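What follows is one structure encoded as structure tokens, with my remarks underneath.
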Amino acid sequence: MSTTLESPPQVSAGAGARQLVVALAGNPNAGKTSLFNALTGLRQKVANYPGVTVERKEGLWALEAEQAPARLVDLPGLYSLDAASIDEEIARDIITGRMAEVPAPDVVVAVVDATNLERNLYLVTQLIEAGSPLVVALSMVDLAERSKLEIDAEQLSTSLGVPVVPVTAKSRRGLEELARAVLEAVGSQPPCALWRLSPKAEAEVRRLYAAGAASREGALRDLYSDELPEEAELREAVESARARLSSSDPQWWQEPLTARYRWIEGVTAGAVRGAKDTRPNSTERIDRFVTHRFFGPVLLLLVMTVVFQAIFSWATLPMDLIDRAFGALGEVVRTQMPAGLLTDLVVDGVIAGVGGVLVFLPQILLLFFFIALLEDSGYMSRAAFLVDRLMRGVGLHGKAFMPLLSSFACAIPGIMATRTIENPKDRLATILIAPFMSCSARLPVYTLMIAAFFTDVRLLGFIPVGVVLMLSMYLLGIVVAIVVAWILKHTILKAPPPPLVLELPPYRVPNFLNVLHTMKNRSWMFVKRAGTVILTISILLWALMTFPRSVVKPVPDAQEGAAVQAMRETGVEGKGEPAPSTAKGEGDTSDESLQLEQSYAGRLGQVIEPAIAPLGFDWKMGIGLVSSFAARETIVSTLSIVYNVGKDAGADSPSLIEAVRNAKRPDGSPAWTPLVAVSMMVFFVLACQCMSTVAVVRRETNSWRWPLFMVAYMLVVAYVASFVTYQGGKLLGLG
Ligand SMILES: Nc1nc2c(ncn2[C@@H]2O[C@H](COP(=O)(O)OP(=O)(O)OP(=O)(O)O)[C@@H](O)[C@H]2O)c(=O)[nH]1
Ligand SMILES: [Mg+2]
């Protein structure tokens with residue numbers, strides 16, 4: 001199962017034994033999650049992009065056959081313990097035992113990328129100082145070997161003073177040795193720092209120790225931290241020590257950093273043989289083209305075009321099949337079940353509602369497939385690098401690219417991914433514009449509108465208007481997001497332009513299993529939504545549209561189930577109106593529209609009609625709009641229900657597209673026109689119609705202020721844009 005144990009069972013191994021806690025720490029993209037998955041059998045997300053894991057994940061690791069499994073904690077990556085962003089803070093607090101929910105780890109496993117030893121060891125020097133028993137897991141050794149880089153693990157271990165175990169997650173190499181090393185490290189003497197500052201600085205540290213600092217570490221902290229100690233005598237000693245140091249070296253405060261790197265150089269010089277520059281040549285060669293000033297953006301555009309083109313052309317066949325399957329299922333159910341309310345509920349509510357949304361699964365699978373492929377190959381970081389300059393223009397950060405790009409699939413993982421952005425104001429600005437990216441839940445709406453009014457319509461005789469419209473909707477979201485980001489960053493979220501520190505990982509052939517798992521997990525989320533939120537809303541809406549009853553179809557009593565009977569009785573008695581009977585098979589539309597008009601949903605739609613009429617929408621669309629604020633894609637199922645209410649048994653179900661085309665207003669004019677369809681699409685691009693997004697923003701910003709602000713301002717933007725579209729279009733004689 002690919003679940004995460006949020007609060008794993010406390011397993012005790014005999015009297016007095018406590019469950020061990022082991023934490024995986026390391027630089028971003030070092031391979032922590034890959035190792036975590038291999039050790040626990042879980043399936044957390046892995047990708048060739050720094051900053052994939054943004055929260056703590058836990059699983060059980062069976063260290064030894066007879067012993068109870070340890071609690072293994074996978075952490076977000078971090079370059080140093082001086083945390084700058086939220087994900088780094090999470091990692092630091094767990095490693096140093098400052099997080100209340102997780103006891104301080106018994107052993108920290110530092111995952112060290114063998115192909116990038118020097119930079120990765122910087123964190124190790126800090127972990128050594130932090131004082132937990134430490135084991136180094138040397139990852140990517142397969143890649144190191146391929147680039148003729150020899151690392152003497154034993155020598156490295158001697159120099160570092162901690163055990164070093166080479167591992168390869170994929171082939172499960174070194175996992176048993178790692179378990180043994182961890183068990184041995186439990187309760188052992190924590191390693192001690194072996195590097196020394198310059199003689200001058202060391203002398204000052206000794207002096208501070210003598211002046212009353214708690215320990216050597218304490219003296220170091222006092223000397224180099226931003227704050228001064230409380231105690232007057234010590235504070236004076238620190239101030240004079242700093243003055244002496246800065247008189248001989250103005251950069252004196254960099255000493256701890258340079259001392260660490262000096263030491264690391266010595267350590268690696270002794271343990272590494274072979275190529276010093278381990279970056280695969282191919283990566284550099286590819287990057288020369290991919291990050292080129294001119295070819296880079298061209299390639300990016302090309303990649304995006306291929307992705308979108310594929311989504312819209314390859315998905316048509318499976319979508320058609322799913323659509324037909326649900327249509328057929330509805331008909332079978334209708335012929336097999338006795339005619340009546342229960343059958344209507346199943347066919348018009350459940351099957352039409354859920355089917356209307358599941359149809360879009362192929363497109364969503366394809367979108368996730370491409371995103372996973374781009375991430376795992378390493379291209380995604382290059383894309384972030386390429387758009388950094390653009391983003392900077394509006395005051396955002398290159399690191400906002402990945403969250404925004406993920407938001408094209410779904411804003412929820414996108415908003416979570418903003419945790420890697422250090423500056424809280426940049427992060428908030430990114431969160432607030434993420435829902436403008438056209439997510440997969442909008443696809444159903446766009447597709448329906450385009451299929452109903454723009455199929456086979458071409459610009460200049462050869463450019464399909466549907467494709468142009470679709471791209472325009474994506475573009476509209478992006479443009480509005482840019483404008484809003486600019487406004488936010490120049491008003492309430494003012495902050496200086498941040499520097500971009502983004503690592504470009506080496507290119508790798510994507511791991512097909514990773515890609516498949518990412519696809520599976522994300523689409524499962526979508527299917528679950530169809531099965532829960534959308535199913536519930538479909539049933540609720542069906543009920544709201546069916547009651548109170550104004551028209552009752554005669555149903556043979558013998559075949560009627562108890563539930564149906566009850567429903568009908570409530571309806572008829574509640575209304576207390578004579579029930580004009582409609583003969584089965586006639587399909588009397590006027591009765592049906594009367595029913596809808598008088599239902600609860602119909603009344604609600606009519607209440608809001610004056611507000612939405614200037615956008616071109618009638619009350620039936622209003623019902624769809626109201627439901628879509630729970631989840632956008634529900635408008636499709638709502639419309640399938642709105643336009644199919646009271647459909648008769650055996651009658652050929654007109655597809656939703658036909659129904660939309662044929663829908664009429666009371667005066668007989670068509671309810672939908674191409675202009676109304678565009679206005680509707682514009683509204684859906686810009687409004688924040690997703691309860692889950694609101695909930696995530698609430699969680700990530702820890703207040704109701706920002707999610708409510710987001711819903712409100714997006715609604716205003718959407719309303720104004722739809723208004724301008726519809727009224728402007730009418731003025732131009734377009735509808
Ligand atoms: N060749 C090779 N690739 C590896 C190895 N371990 C991990 N990878 C790949 O390296 C990339 C990063 O792996 P992750 O496990 O996501 O790294 P992480 O440390 O969890 O990264 P963050 O969560 O972003 O901090 C993925 O593309 C993995 O498939 C390894 O031992 N050998
Ligand atoms: Mg990870």
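The values are calculated or read from the model by the stated rules, or taken from the named source; none is laboratory data. Computed from a predicted model, the values in this text were never measured in an experiment. FYI the Cβ positions are ideal-geometry reconstructions off the backbone, even for glycines, and counts take in every protein chain you see. What goes into the accessible areas is simple: the full protein's heavy atoms, side chains included, and nothing from ligands, DNA or RNA. Shrake-Rupley method; radii C 1.70, N 1.55, O 1.52, S 1.80 Å.
The table below lists the values:
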item: Where only alpha carbons of the chain are counted, the Rg and the Dmax (Å); result: 31.2, 102
item: Computed helical MRE - 222 nm, the chain, DSSP H runs ≥ 4 contributing -39500 (n - 2.57), nearest 500; result: -17500 deg cm²/dmol
item: Distance (nanometres) between label positions extended 7 Å along Cα→Cβ at Glu236 and Leu594; result: 9.8
item: Simple label model, 7 Å out from Cα along Cβ direction - Thr305 to Lys200, nm; result: 6.0
item: With Cα atoms, 0 to 90° folded angle of helix 674-686 axis to the chain main axis; result: 30
item: Percent RCO, i.e. relative contact order, over region 207-333, from Cα pairs under 8 Å lying at least 6 residues apart; result: 11
item: Residue-level accessible surface for Ile612, protein heavy atoms, 1.4 Å, Å²; result: 10
item: Carbon and sulfur %, accessible surface of region 21-185 computed with the full protein complex present, 1.4 Å; result: 46
item: Global form of region 21-185, assessed from the alpha-carbon gyration tensor, a/c cut-off 1.5; result: rounded
item: Between region 386-459 and region 352-376, the Cα center-to-center distance that results, in Å; result: 16
item: Computed over region 199-274: relative contact order in percent, which uses C-alpha pairs under 8 Å that are six or more apart; result: 24
item: Charge sum, other residues only, whose C-beta stays under 15 Å from Glu177's C-beta, Lys/Arg counted +1 and Asp/Glu -1; result: -1
item: Pairs from Lys170/Lys520; Lys399/Lys494; Lys148/Lys399; Lys32/Lys170 whose Cα-Cα separation, in the structure shown, is over 21 Å; result: Lys148/Lys399
item: Surface accessible to a 1.4 Å probe, per residue, for the residues of the chain, Å²; result: 45
item: For Leu194, solvent-accessible area (1.4 Å; no DNA, RNA or ligand), Å²; result: 90
item: Karplus-derived HN-Hα couplings along region 48-63 (A = 6.51, B = -1.76, C = 1.60, θ = phi - 60°), whole Hz, x at Gly and Pro; result: 7, 7, x, x, 7, 7, 10, 9, 6, 10, 10, x, 9, 10, 7, 5
item: Table column - 3J(HN,Hα) (Hz), region 427-434, Karplus curve with 6.51, -1.76, 1.60, x for Gly and Pro; result: 5, 5, 4, 5, 4, 5, 9, 3
item: Fraction of antiparallel bridges per DSSP, the chain only, in percent to nearest 5; result: 40
item: Exposure of Val716 as accessible area (Å², to 10), given a probe of 1.4 Å and all protein chains; result: 90
item: Angle between the chain longest axis and helix 691-701 axis [Cα atoms, degrees, rounded to 10]; result: 20
item: FRET efficiency, Thr268 to Lys520 (Cβ-Cβ, R0 45 Å, nearest 0.05); result: 0.65
item: Mean Cα-pair separation over length for the chain, i.e. relative contact order, pairs under 8 Å, 6 or more apart, %; result: 11
item: Leu223, Leu516, reordered so the largest accessible area comes first (probe 1.4 Å); result: Leu516, Leu223
item: Additional length obtainable on full extension of the chain from Ala451 to Ala210, 0.36 nm per residue less Cα span; result: 78.7 nm
item: Selection of chymotrypsin sites (Phe, Trp or Tyr not before Pro), region 284-320, meeting DSSP coil and at most 13 other Cβ within 10 Å; result: Phe294
